[in-house]
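Report on the structure given below.
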Amino acid sequence: RPPPPPVASSRPAAPAAPAAPAHVPRTQATPARPAPTPPRGGPKRDSKAATGKGARTPAPAPGSPEAQIVADAVRLLKWGRQWHELPESIARIAGRPGVVEVRKCLRSYKAEIEKEAAE
């Protein structure tokens, strides 16, 4: 049986692929290593920025809920309360925000609170 005739095409013929290079043995100077993989999970956060230790927070405005929380925390620390007891104790005081908001405020003003309680 004869082969079928070639099909005419408007594209020029593709150039032939270059011949594969001869096998070059590896020496001990160039060991085979896999390519490094990028770390998973994206970039890491700066721990100072995440905890608020890097930048100083301004003092709370007098009469604001944050100022009341700071004053309560200083008073309770002077009375002998432990740091981990403060959020629940302050949140139980009438007119204070909930435990979550108190924790955030205490975290923001921790350095100020500890400095004032030590005086």
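Points to keep in mind about this one:
- In nm, spacing of pseudo-spin labels at Ile93 and Ala117 (7 Å Cα→C-beta vector): 1.3
- Within the assembled protein chains, the solvent-accessible surface assigned to Leu76 is about 20 Å², based on a 1.4 Å probe.
- Stretch gain in nm, segment Ala67-Arg40, where the contour uses 0.36 nm per residue and the Cα spacing is subtracted: 5.6 nm
- Spin-label model distance (nm) - Arg1 vs Ala59, 7 Å beyond Cα toward Cβ: 9.8
- For a straight C-alpha distance cut-off of 15 angstrom, the aspartates and glutamates reachable from Lys78 (same-chain residues fewer than eight places away being disregarded) are Glu112, Glu114, Glu116, Glu119.
The values are calculated or read from the model by the stated rules, or taken from the named source; none is laboratory data. Quick caveat, the model's predicted, so the values are computed rather than measured. Cβ: placed from backbone, ideal geometry, glycine included. Neighbour counts: every protein chain shown. We work out accessible area using only protein heavy atoms, side chains counted, and drop any ligands, DNA or RNA first. Shrake-Rupley method; radii C 1.70, N 1.55, O 1.52, S 1.80 Å.
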